[in-house]
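Notes for the one structure printed next.
The values are calculated or read from the model by the stated rules, or taken from the named source; none is laboratory data. None of these values were measured; they are calculated from a predicted model. Reconstructed Cβ throughout: ideal geometry from the backbone, glycine too, with neighbour counts over all protein chains shown. Accessible surface is based on the protein model in full, side chains and every heavy atom, while ligands, DNA and RNA are left aside. Shrake-Rupley method; radii C 1.70, N 1.55, O 1.52, S 1.80 Å.
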Amino acid sequence: MLLSYKMRGFALSALILLSFFGQAQTEDMWRKLLTAEGLITASRNDTAIVILDRMLVSLDQDTPADRAFRLRVNLVRAQALTKQRKYPKATEELLRLIDQASVLQEYKIEAESALGMAYILQRQNSPEECLAYLKQAENLIKDHGLHELNARLWNRTAAYHYHYGDRDVALKLANRAVIVAREQNDSHQLALGHYIISLLKRKEDPRSSERHLANAAKYYRNTGSMSDYLVMTLAVNRLQMDGGRIREALVSNDSAMVYASRVEDRDSTYVSRVYDYRAELMKMMGEPDSAWYYLNMAHNSRVQHLKKVNDQRAVEIEARYKNEKNSQLIAEQERMLIEERDRRSTLMILIGFTTICLALLGYFYNRLRRAKTELEEQYLIEQENVELTQSLNKQKILQGEVHHRVKNNLQVIISLLELQMEDLSDPEARACLEAMSGRVFSMAAVHETLYQDGRGGEIDFCLYTEKICRHFDQLYGLPEGCEFDIQIKDYWFNLETAIPLGTVLNELLTNSFKYGVPETGEPLKISISMSTLEDQICLEYHDNGPGFPQGALTEREGGLGTYLLNGMSRQLRGRMESLNLNGALTRVFFKRKNQSALPSQKKNRRKRERVLNGTV
């Protein structure tokens with residue numbers, strides 16, 4: 001047993017030394033693998049398989065790293081076979097990879113192999129087996145945190161649902177794959193996601209389908225996959241022809257013809273399809289002679305393709321014979337390499353043992369230094385946290401006191417305005433003071449809500465809206481009454497956003513209570529809702545009154561309300577639109593206004609950065 005432990009230590013030393021000597025060789029192998037992947041992307045699968053076969057011959061399997069790299073090479077080779085539509089060989093390779101990767105705990109390769117099997121089974125119309133491999137890949141990705149494969153999994157699952165399942169689920173998964181692929185900068189999966197979305201929208205929305213196809217073509221061109229780019233371009237061409245857009249179809253057909261000539265030596269089937277589409281376009285344009293010419297070109301291209309396929313089959317038979325002959329030579333070379341490796345192992349073990357001893361001494365020395373540095377940094381960070389906590393508590397107390405005093409001062413102004421209204425008999429003057437009182441109340445309500453129910457310098461806009469509505473209901477006291485329908489869920493804004501929004505809401509409520517009361521005697525009904533549209537927020541306000549006299553909200557002569565509405569919308573970096581729809585409907589689109597960091601926060605952040613960088 002003691003001898004066994006010693007031999008393991010020697011073997012570990014040898015592995016470390018071999019890693020130094022084999023680093024250059026490993027970098028060369030990775031370069032070859034990347035070259036093969038690039039060739040597969042460019043549809044030069046035969047050349048890629050030749051490179052991969054040579055790599056497999058020269059690879060060793062003595063270390064876990066070598067075995068894992070060999071699995072990766074076999075996976076890329078299976079992908080090349082799949083692109084060549086040699087599904088039996090690709091299936092054999094992928095099944096072997098799944099078993100070997102599971103034993104070696106190479107879960108990423110196992111998941112990618114399962115996704116490859118799902119694709120082949122989908123092409124062979126085997127939905128149950130396809131779904132089983134998709135579930136296997138999903139479990140591997142979820143259990144081992146392989147998030148980089150999420151886009152590929154969702155695209156493959158979306159394709160499954162497109163053929164056999166729920167198309168709504170397929171569209172949801174494809175959109176999710178596009179988002180993740182864009183975040184991961186994965187052009188191939190991004191293009192595939194757009195292509196699946198295009199297929200799902202082809203019948204219901206052909207123009208949207210065409211846009212997604214164009215996006216897929218753009219991303220395939222970025223990856224250098226000319227064959228895939230050509231397929232997308234031809235699909236766009238087909239949609240344009242079906243839609244009768246001949247001029248656009250001619251442009252896309254010209255582009256397809258240019259790229260078809262570039263891939264003709266690798267796959268000539270695209271050339272005949274381009275000619276077929278050009279012939280159909282000529283027929284649609286009433287040019288039968290040109291249509292006949294391109295049909296003849298398509299026929300000649302198909303004949304050349306069949307001839308090329310036959311020549312390739314003959315070459316494959318010859319290559320198979322040469323491979324069998326070379327395999328015998330390879331076996332002999334492997335035996336010689338093993339003997340040479342055994343002779344070198346003893347020397348490497350001795351050198352490795354010495355290297356390990358020196359490395360351990362250096363490791364423990366560096367660890368002691370690092371521990372000392374970490375203790376010093378931890379002490380400084382704890383001191384800073386105490387100072388930050390004390391400063392934050394003081395700021396919260398001061399901020400609450402400021403909001404409370406501002407609210408009280410504004411309430412005094414409102415009371416003064418109300419006292420002044422009691423002494424006025426002129427209705428216009430009273431109306432002006434009422435409007436001014438409402439505007440001041442909208443700002444006071446912001447500070448009151450922030451003081452009572454604020455959260456980190458922000459207010460709940462639903463609670464604020466209810467407070468404003470109650471104020472107007474009590475202020476005007478309509479005989480018919482007023483009903484409010486507020487649909488605002490979980491929207492919190494800081495002062496820079498809440499005060500302009502409150503001013504907008506005050507002006508809209510003032511307009512409704514003054515001009516929007518129904519003439520039929522019904523109670524005034526006001527609905528207020530808020531929703532998020534992409535990068536903007538929409539505040540929608542509607543009442544059941546007679547609507548705007550001119551069909552939309554216009555600025556009356558001397559009117560301050562509409563001026564404030566437009567001004568506050570611009571202050572929120574947004575816009576306002578209004579129309580009549582069973583009453584007056586107003587929408588305000590705006591963006592949140594962020595509050596910059598306080599000087600003390602910036603100072604503390606700089607201090608923390610100096611601590612982490614070791615400059616303190």
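Could you pull out the residue among Leu121, Leu104 that is in contact with a Pro (Cβ under 9 Å, 6 or more places away or on another chain), under 28 Å from Lys201 (Cα atoms), surrounded by fewer than 22 Cβ atoms within 10 Å (Cβ to Cβ) and in contact (Cβ under 8 Å) with a residue 12 or more places away in the chain? Steps first, answer last, please.
Numbers: Leu104 fails: under 28 Å from Lys201 (Cα atoms).
Of the residues listed, the single one that is in contact with a Pro (Cβ under 9 Å, 6 or more places away or on another chain), under 28 Å from Lys201 (Cα atoms), surrounded by fewer than 22 Cβ atoms within 10 Å (Cβ to Cβ) and in contact (Cβ under 8 Å) with a residue 12 or more places away in the chain is Leu121.
Give Glu210, Glu248, Glu204 a once-over and let me know the one that is within 22 Å of Leu192 (Cβ to Cβ) and either over 22 Å from the mean Cα position of the chain (by Cα) or among the aromatic types (Phe, Trp, Tyr) (or both). Steps first, answer last, please.
Values: Glu210 fails: either over 22 Å from the mean Cα position of the chain (by Cα) or among the aromatic types (Phe, Trp, Tyr) (or both); Glu248 fails: within 22 Å of Leu192 (Cβ to Cβ).
Result of the check over Glu210, Glu248, Glu204: Glu204.
Just to be sure I understand, how many residues within segment 217-228 are more than 14 Å from Ser198 (Cβ to Cβ) and either touching a residue at least 12 places away in the same chain (Cβ under 8 Å) or in contact with a strand residue (DSSP E or B) (Cβ under 7 Å, 6 or more places away or on another chain) (or both)?
Selection size over segment 217-228: 6.
Out of everything in segment 68-111 that is outside any helix (DSSP H, G or I) and closer than 15 Å to Leu146 by Cβ, what residue ends up being farthest from the chain's Cα centre (by Cα)?
Gln105
Across segment 466-491, what is the number of residues that are farther than 19 Å from Arg587 by Cα and not in a loop (DSSP other than H, G, I, E, B)?
So the count comes out to 10.
Out of everything in segment 498-527 that is open to solvent by 10 Å² or more (accessible area, probe 1.4 Å) and part of a loop (DSSP other than H, G, I, E, B), what residue ends up being nearest to Leu564 (Cα to Cα)?
Val517
Take segment 453-497 and flag every residue that is at pLDDT 80 or above and among the charged types (D, E, K, R).
Glu458, Asp460, Glu466, Lys467, Arg470, Asp473, Glu480, Glu483, Asp485, Lys489, Asp490, Glu496, listed by residue number.
Filter segment 197-223 for residues that are surrounded by 15 or more Cβ atoms within 10 Å (Cβ to Cβ) and outside any helix (DSSP H, G or I) and give the result.
Selection gives Arg202 alone.
Are any residues in segment 307-326 modelled with pLDDT of 75 or more and either open to solvent by less than 100 Å² (accessible area, probe 1.4 Å) or not charged (D, E, K, R) (or both), and if so, which ones?
Result: Asn326, single match.
Among the strands (runs of 3 or more DSSP E) contained in segment 528-590, which hold 2 or more residues that are buried (at least 19 other Cβ atoms within 10 Å of the Cβ) and of a type in the set (A, V, I, L, M)? Please lay out each step first, then the result.
Working: elements: 536-543, 575-580, 584-590.
Counting at least 2 such residues, we get 536-543, 584-590.
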